[in-house]
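Rule-based calculations on the coordinates, nothing more; no lab input. The structure displayed is predicted, hence computed values, not measured ones. In this analysis, Cβ positions are derived from the backbone assuming ideal geometry, glycine residues included, and neighbour counts consider all displayed protein chains.
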Amino acid sequence: MKVVMTRTASESLWPIYLYHSDYSQDYAEAFQYEIDRFILEHLSSNPLLGHLYHESRGIRRLIFQKRYSIYYPVRDNTVFVLFIFDRMGINQEIEEHGLDTDDLIG
């Protein structure tokens with residue numbers, strides 16, 4: 001199955017990258033490689049792997065390294081990665097306010 005990283009997913013990874021680069025540029029780059037590999041490997045072969053997080057919008061949530069939440073819907077044989085966050089607070093934000101997946105997919 002095709003996996004698409006949306007603009008918002010790429011933008012949400014940037015603060016994580018910057019945070020890791022404060023420790024080490026090599027670590028930040030290795031983390032980026034590992035999360036990209038994890039997303040492509042797991043979601044292309046098993047798109048329903050993530051927990052159904054928001055049923056009415058079809059948003060699934062997959063956890064990476066017990067800390068990072070990857071949010072995505074599956075549409076027309078394509079996985080659209082919407083966000084990647086390292087904070088639990090975003091779960092509450094999405095639950096309370098929702099999000100417009102059609103707008104994010106473009």
Inter-site label distance for residue 51 and residue 10 at 7 Å from Cα along Cβ, in nm: 3.0
Residue 82 long-range amide H proximity, modeled H, under 5 Å: 71, 72
Theoretical FRET efficiency, 1/(1+(r/R0)^6), r = Cβ-Cβ of residue 26 and residue 2, R0 22 Å, to 0.05: 0.10
Packing-based order for 38-46, 78-86, using average beta carbon neighbours within 10 Å, highest first: 78-86, 38-46
For the chain: Kirkwood Rh in Å [reciprocal of mean 1/r, alpha carbons]: 14.1
Distance in nm between pseudo-label sites at residue 36 and residue 17 (7 Å out along the Cβ direction from Cα): 0.8
DSSP bridge orientation in the chain - percent antiparallel, rounded to nearest 5: 75
With Cα atoms, 0 to 90° folded angle of helix 25-45 axis to the chain main axis: 30
With at most 13 neighbouring Cβ atoms within 10 Å, loop trypsin sites (Lys or Arg not before Pro) (DSSP) excluded, longest segment of the chain: 1-65
